[in-house]
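The block underneath contains the structure these notes are about, expressed in structure tokens.
The values are calculated or read from the model by the stated rules, or taken from the named source; none is laboratory data. The model shown is predicted, which means the values in this text are computed figures rather than measured ones. Every residue, glycine among them, receives a Cβ derived from its backbone with ideal geometry; neighbour counts consider all protein chains shown. Please note that ligands, DNA and RNA were not included when accessible areas were found on the heavy atoms of the full protein model with its side chains. Shrake-Rupley method; radii C 1.70, N 1.55, O 1.52, S 1.80 Å.
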Amino acid sequence: MTDTSLQSDLAHPDLAQRESGLGAALALTTASQVAATSSVLALTTIPTLVANTLGIGPHMIGYQVSLIYASGVIFSMMAGALVKRWGPARVGQLALLGAFAGFAGMATGHLWTIALASVLIGVGYALNNPSSSHVLSRLAPPARRNLIFSVKQAGVPLGGALAALAIPPLAQRFGWQPVLLGFSLIPLVLALVYQLKRGAWDNERAPDIAIGRGIWQGQRTVLSNPDLRALAFLGFFYSAVQLSISTFTVAMLIEEFGWSPVSAAGIAAIVQIAGAGGRIFWGLVADRLRNGFAVLAIVGFITGAAILGFSLIGNLPALGLALIGLAGFTGNGWNGVLLAETAHSSPGKGTLTGEVLTYTFIGVMVGPATFSLAFNLIGSFSGTFRLLAIVAFAGSLWALVRACKARL
């Protein structure tokens, strides 16, 4: 037997083990993403029910979503150092426990408890992506990097679809508070599963990592690197658009166009499902083009154009709904490509996912809250969405500039 054939034979078991490890990691991290996202969007699927219980307007749910992401900003900045110090499995467990506590807290039905629960959801959501990105960046082959990250990120719209399809009908039958309490069991079970992965995933822990100093070092690296800086601000623009669509589509259909809550939630589910397909599609396109910024430019432009047509639901409902679905396909489809590009552009070992996603959290914090303020001035959901299209176009232009430079 030659040395070459011996090396080949020895490589196959490792390759098979790597593929098996990748499959298990992708399944678990995707399920975690579904659970985390459903906790974030739970109240947006039943805005009128929650608003009636709390005695507030349905559009006020936008402030709750903003509170979730406001609490996540600091922990997103810390997440990279936490993953290195405690390991991605432990940090993933903490993320899921945040979602569990958030669901349980919202189920109390008291305004201040919901506010505290929203903070915990934000902390957990901030830790989720850095944990999973650290694991997947070690296992994903470069040629399939965008696809792998996009499949995992498909858990975001799938989590939104789960919430939109399940919570409204169950809430009408059993009450929204018991339903949220039942949903809290999903992240709790997944947190227990993560314990099985601690030995394999947390074997590179560095207990001496300084959390506080790592925050500012990471931010300096992001802001000094042209690609990472662009990705950070693209996350800001696109997350503001994405969460505004997810937060206010149901309210627009109910309040402005007279839809029933269940029918409106069904459209929201379609938007989320379209987003799941979009993430996988755009991941494949990015791997094929080998230029993630070009894909990010395309999705931003299409999203902005689709948002402009939301008002057509009143006169041309079929076209208006098609544009809402298209906005979901593109406006929810950028995340995996952005995370893959972040992993690729991060210097040294590990990724700067948490540091880049800090700006995504800020975008989501600012986006729905600004939408609510603009709605108070404009008085129309569809009119406010037209204003939001400007943000999508701005992100598309920035991505196009980076895409052109990447080709030089």
*May I ask for the angle, rounded to the nearest 10°, between helix 3-41 and the longest principal axis of the chain, with both axes built from Cα atoms and the value confined to 0 to 90°?*
20
_As I understand it, the value is the acute angle between the Cα axis of helix 111-139 and the longest principal axis of the Cα atoms of the chain; what does it come to in degrees, rounded to 10?_
30
*Within a Cβ distance under 15 Å of Phe75, other residues only, what is the Lys/Arg minus Asp/Glu net charge?*
+2
*Relative contact order [Cα under 8 Å, 6+ residues apart], the chain, whole percent*: 25
_the chain, accessible area per residue, ligands and nucleic acids excluded (1.4 Å, Å²)_ = 39
*Degrees, to the nearest 10: 226-255 long Cα axis against longest axis of the chain*: 30
*Sort 135-142, 180-187, 121-128, 273-280 for me by packing, meaning the mean count of neighbouring Cβ atoms within 10 Å per residue, highest on top.*
121-128, 273-280, 180-187, 135-142
_Value in Å of the Kirkwood radius, where the chain supplies the Cα pairs that are averaged_ = 21.2
*Say a paramagnetic label sat at a point 7 Å from the Cα of Leu289, along Cα to Cβ; which residues of segment 319-342 have their backbone N under 19 Å from it?*
326-342
*Just Ser372, Ser224, Ser380 to compare: in a GNM of the chain, with alpha carbon springs under 10 Å, which one fluctuates most?*
Ser224
*Among residues other than Ser32 whose Cβ falls under 15 Å from its Cβ, what is the net charge (Lys/Arg +1, Asp/Glu -1)?*
+4
*asked:* Can you compute the modelled spin-label distance between Gln217 and Ala24, with each label point 7 Å from Cα toward Cβ, in nm?
replied: 3.1
*Given a 1.4 Å probe and the protein chains all in place, what does the accessible area of Asp227 round to, in Å² to the nearest 10?*
50
*Using alpha-carbon positions, what is the distance between the centroids of segment 79-115 and segment 149-167, in Å?*
18
*Could you please state how large a percent of the accessible area of the chain is carbon and sulfur, counting protein chains only and using a 1.4 Å probe?*
68
_Non-local Lys pairs in the chain, i.e. 8 or more apart or on different chains, that have alpha carbons under 23 Å apart_ = 6
*How big is the accessible area of Phe174 in square angstrom, nearest 10, if you roll a 1.4 angstrom probe over the protein chains?*
120
*Sort segment 189-262 into rounded, prolate or oblate with this rule: let a ≥ b ≥ c be the square roots of the eigenvalues of the Cα gyration tensor; rounded if a/c is under 1.5, and if a/c is not under 1.5, prolate when a/b is larger than b/c, oblate otherwise.*
oblate
